[in-house]
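Below is one structure, written out as structure tokens; the observations come after it.
The values are calculated or read from the model by the stated rules, or taken from the named source; none is laboratory data. Since we're looking at a predicted model, the values are computed, not measured. Methodologically, a virtual Cβ is constructed for each residue, glycine included, from the backbone with ideal geometry; neighbour enumeration extends over all protein chains shown.
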Amino acid sequence: MEKKEMLYEGKAKKVYKTDESELFIIEYKDDATAFNGEKKGTIVGKGVINNKMSALMFQILEEKGIPTHFVELLSDRESLVKSVKILPLEVIIRNITAGSFSKRYGVEEGIVLPFPTVEFSYKDDDLGDPLMNEYHALALELATKEQIETIKAYAFEINKIMKEFFLERNIKLVDFKLEFGVHKGEVILADEISPDTCRFWDRETNKKLDKDRFRRDLGDVEGAYQEIMKRLNI
Ligand code: UDP
């Protein structure tokens, strides 16, 4: 399968058309941004790690009955995926308090929530991805009621599968962001699952093994991504 015209270039990935309208090629970059593009940098090797990790996670989720866009790995940095129209909702699941949740509600980071939570934000860079509830999403016709119900059910199921998977590798899954798309009328999981989009803490030491090392200038950013790769055996 060959790359054709570039459809768009995001902050961390490029998406290309292929000969087949049902398929896209994603190319993962080493570019890193944070705070809605205000902070820019490079994390050497990140594109390779995020590509391989996403491929692994999508395969595991497919086996457990979650439909995803993943088709096959093409190279270190490229994957073949089903073409989707992304629903403009960022879906965030949280198991442990951190980041914007802690800031917004004035709670310290690291509190284990009594049950996982879900939240949506409107995927719009110009607006800074504002938090949004289901009624807002419905009223703005960003998704249908049925699509939102499907997304929530998938997101909580994905959390169960991933939480267990990472704990077996001595990693706490603190929170993560998912994006869904529509392919042939069906809602499927799209985008990526990586240290860019998840918070991972070491089970023993709580050392951050994710993009927070970049966002917060904690150092050893590449080391954290490599550690994840090592623990996942990819
Ligand atoms: N996240 C993401 N993209 C975004 C915002 C958040 O992938 O544009 C991920 C982030 O890596 C974390 C989770 O979603 O795992 C929750 O992020 P949070 O809302 O706490 O925002 P942040 O503190 O990262 O701004």
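Odds and ends about this structure:
- Residue that is nearest to V187 (Cα to Cα) [pool: residues in the stretch 110-132 that are more than 9 Å from the ligand (Cβ to nearest atom) and touching a Pro at 6+ places or on another chain (Cβ under 9 Å)]: Y122
- Of the residues making up the stretch 202-234, those that are more than 28 Å from I66 (Cα to Cα), more than 16 Å from the ligand (Cβ to nearest atom) and either in contact (Cβ under 8 Å) with a residue 24 or more places away in the chain or of a type in the set (S, T, N, Q) (or both) are E204, T205, E222.
- A single member of K160, K177, K152 is of a type in the set (D, E, K, R), assigned to a helix (DSSP H, G or I) and touching a residue at least 24 places away in the same chain (Cβ under 8 Å), and it is K152.
- Filter result for R199 (surrounded by 21 or more Cβ atoms within 10 Å (Cβ to Cβ) and touching a residue at least 60 places away in the same chain (Cβ under 8 Å)): yes
- Residue selected from the stretch 1-21 under the condition within 27 Å of K40 (Cα to Cα) and among the acidic types (D, E), by the criterion surrounded by the most Cβ atoms within 10 Å (Cβ to Cβ): E9
- Condition met for E146 (part of a helix (DSSP H, G or I) and out of contact with any Lys or Arg (no Cβ under 6 Å at 6 or more places or on another chain)): yes
- T117 being surrounded by fewer than 19 Cβ atoms within 10 Å (Cβ to Cβ), among the hydroxyl-bearing types (S, T, Y) and assigned to a helix (DSSP H, G or I): no
- F24 vs. criteria loosely packed, with under 14 Cβ neighbours inside 10 Å and either modelled with pLDDT of 95 or more or of a type in the set (F, W, Y) (or both): no
- Here is the figure for the stretch 87-109: residues that are within 11 Å of the ligand (Cβ to nearest atom), part of a loop (DSSP other than H, G, I, E, B) and among the charged types (D, E, K, R) total 1.
- For the stretch 45-52, the criterion of a residue being assigned to a strand (DSSP E or B) and of a type outside the set (S, T, N, Q) is satisfied by no position.
- Check on I96, farther than 25 Å from K29 by Cα and surrounded by 14 or more Cβ atoms within 10 Å (Cβ to Cβ): yes
- Restricting attention to the stretch 17-74 and to residues that are under 15 Å from the mean Cα position of the chain (by Cα) and among the polar types (S, T, N, Q), the residue that is nearest to the ligand (Cβ to nearest atom) turns out to be T33.
- L140 modelled with pLDDT of 95 or more, surrounded by fewer than 16 Cβ atoms within 10 Å (Cβ to Cβ) and within 14 Å of the ligand (Cβ to nearest atom): no
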